[in-house]
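Here is the structure we will look at, set down as structure tokens.
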Amino acid sequence: MIRKLLRRAALVGAAGAGVLFAALWLSLESLPERLAPPGDAAVPKLQVLDRLGAPLSYTFASEWNVSDQRPLKAFPPFLATAFIEAEDARFFSHSGVDWLGRCHALWQNLTAGRVVRGASTITEQVVRMLHPRPRTVWSRLVEGIEAQLLERRFSKGEILEFYLNQVPYAARRRGVVQAARFYFNRDLETLSQEEVLTLAVLVRSPQRLDLYGDSRAAAPGSERLADKLLSVGALSPDARASLDFSRLELQRARLPVRADHFVRFLQSQKSAEEGEGRVASTLDSAIQGHVQKLLDTRVRALAADNVTDGAVLVVENRSAEVLAWANAGGFSDDVGSHFDGVLTARQPGSTLKPLLYALALERGWTAATVIDDAPLSEAVGAGLHNFRNYSRVYYGELSLREALGNSLNVPAVKTVQFVGKQDFLAFLKRAGFGSLRQPASFYGEGLALGNGEVTLYELVRAYTALANRGVLRELVVTRDDTVDEARRPHGERRAIMTPEVASIVADILSDPEARRREFGSGGLLRLPVQTAVKTGTSTDYRDAWAIGFSARYTVGVWLGNMNRTSMREVSGARGPALLLRSIFAELERAGESEGLSLSQKLERRSVCPLTGKLAGARCPHREELFVPGSAPQQSCSAVHDEPPAAHEPAPLQGERPLKVTLPTPGLHIARDPRIPDSSEAFPFDLESVYPLREVRWFVDDREVARRPGNSPRYLWALVPGRHTVRAEAVTEGGQVLESEGVGFWVR
């Protein structure tokens, strides 16, 4: 009878063991072929780095760390040792399960009457990451078996590397790289020993040990871990004595620069899979930081003139790499404006004129071609439209060089009539202006004056063609795309004009004398390094632009309001020109000065600027550049005693013909204590609707300076107190003008 009972019990036991074994077998999940985040791990956003590897974005939406992984050899040895001692001291001696550790933990928990210690090995924790299960006794049994199977498939080093890269922390951070950034805003190599020990302790319960709730929450555990490291020889007595967890300072991760719009643009161009979770961009954080600061400062300075938004794009000419992509404005929040001024289509004002004249030069005109700048009316439907220059001054017959340099509207309209509206629109589309989607009949002659809408991105890209001898290239935003021309995708590089035409346009835009009539030969547009500059102002002052290129860089600036309200008379020459000058000063600070590229095929001739013919005995002379075979053949036989006077129309009703633009009303000027008072000065500047012969400056009704009309700016030595400045001027026609007084303070 007893034998039967024993046999039956044995059968039941064997059956139970079989059932248990089968249940365990069915509970086991397949192990990965490669110890890495699952292939279907969600990567909603690509992490973007700058050109030197600094992060421009962080993303923690994935369940796995796919962007901040390191090989085991890249982890500091002390960090790896601290984690092993904290979590699994016998890691290198067990085969996946530490049975001695489990027994010790069970005894401690029974003695304490509660769970005070777990006994999961690092391998078991890796299994739990790969196969999440409810925390039950059965799960622990299954995890133990899978841990032993995992160690048969992968080495200890592979398991430890995966663990250090994927161990979970608070706020969805995974891995010690992200944790170091989250708590201390530091790279692993720069962590102190206190910070390393804290990270090792935090993995036990990152939610309970909330450092941002109590910075000393992990200190007791860190002290115990330090003592343990001392006992095993991983810490010297002196190092242990020097540890002070009370001096632990938390610092949330901060990106080195704001580049959120650039990041979004790049992420829209590339998927995360292409870069395995991260991609090195072309952005230069140092340049981006300087540009962002200058842009923010300029927008704030113009706030009184209802300027709330702005954008800057900086490109390196030879590589077409984007170095800076900055936005600023009233719509900004912690992650930047939701509107990207670089990609928002706006009216470009006069900034398309260089491309218009380039097409005219391709069609046979020359820089000496004479265009009549006189009042012009054109039929528009059943009415008439009167075209006028920005200053409402007409200069009569003048050369293409002066027409472009002074950005005159009437000559531009006559030029678009010469090349044809349809052909000009087609040329702009070849130059990359995809935003111009309407037919030529929609824009009319106004296309020459910027009545279409284009983006800053398109403008800068087109201007790089002028800088690169007429060759247009797609802008580059990732270092992966910065390869030699033979490997670049077909179609990214195309000539839109000849090198000779590009050289002539660049020469005109960098010629101070060519812009003298409207802008003066000095001022903001004359940069220390030869730089081609063009400004633009849209209808009703809704947009102000400044685009420029040197031999090395092309820079575009836009200022305005995203809600499309008008600024208070902020033109391209007044608003963004100063910012453009400041950016180029920063870009060229460390580089060697280099002039703009000039085709060696160009021919030089001395011409009469009044007729466009070769200069005669009684002509004013000007050296001009010509495409080979296009220079004039006839000499001018006219007698030119005096240049023709400009037509001076009356200003509009309520408009003052002379206005002080610097200082602005109510400006407070602070003296720099680091500079001797005798060396500090502030520029006075003004605008006039007429060409000026002479300007007199008055401070507190006392004359302080007289300046020539083509260079009215005056540097006034700072004097503390409240002052009023005004200007009086004599026009070329002999008219006397007077500005209103502007009050300002010097502290």
Problem set entry | Sequence ranges 458-468, 207-217, ranked by mean other-Cβ count within 10 angstrom, highest first | 458-468, 207-217
Seminar exercise, completed: The long-range amide H neighbours of VAL476, using H built 1.01 Å from N in the peptide plane and a cut-off of under 5 Å, are GLU321, VAL322
Seminar exercise, completed: Sorted on mean Cβ neighbours within 10 Å (highest first), peptides 130-143, 714-727 come out as 714-727, 130-143
Seminar exercise, completed: For PHE684, other-chain or 5+-apart residues with amide H closer than 5 Å (H placed, Pro excluded) are TYR714, LEU715, TRP716
Exercise. Where does the charge balance sit around ALA403 when Lys and Arg score +1, Asp and Glu -1, over other residues with C-beta under 11 Å from its C-beta?
Worked result: 0
Seminar exercise, completed: Within the under-12-Å Cβ sphere about GLY520, not counting GLY520, Lys/Arg +1 and Asp/Glu -1 give a net charge of +2
Seminar exercise, completed: Full extension between ALA638 and ARG172 adds, at 0.36 nm per residue less the Cα distance, a length in nm of 159.6 nm
Problem set entry | Charge tally in the Cβ shell below 13 Å around SER192, where Lys, Arg are +1 and Asp, Glu are -1, SER192 excluded | -4
Exercise. Once fully extended, how much extra length lies between PHE92 and ARG722, figured as 0.36 nm per residue of separation less the alpha-carbon to alpha-carbon distance?
Worked result: 219.0 nm
For this session: Among the lysines, select those whose C-alpha is under 16 Å from the C-alpha of LYS534, and discard any that sit fewer than 8 residues away in the same chain.
Result: LYS353
Seminar exercise, completed: Here, ARG618 and ARG135, labelled 7 Å along Cα→Cβ, have an inter-label distance in nm of 10.4 nm
Problem set entry | Ordering of 611-623, 594-606 by packing [mean C-beta count within 10 Å, highest first] | 611-623, 594-606
Exercise. Expressed in nm to one decimal, what extension gain is obtained for the pair TRP99 and GLN600 from 0.36 nm per residue of sequence separation less their Cα-Cα distance?
Worked result: 172.1 nm
For this session: Could you list which residues have their amide H under 5 Å from that of GLU397, counting only those 5 or more apart in sequence or on another chain, with H placed in the peptide plane?
Result: ASP373
Exercise. So if we plug the beta-carbon distance of THR297 and SER155 into 1/(1 + (r/R0)^6) with R0 = 56 Å, what FRET efficiency do we get, rounded to 0.05?
Worked result: 0.50
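A short reminder: the numbers here are calculations on the coordinates, not readings from a lab. Because the structure is a prediction, the values reported are computed rather than measured. In this analysis, Cβ positions are derived from the backbone assuming ideal geometry, glycine residues included, and neighbour counts consider all displayed protein chains.
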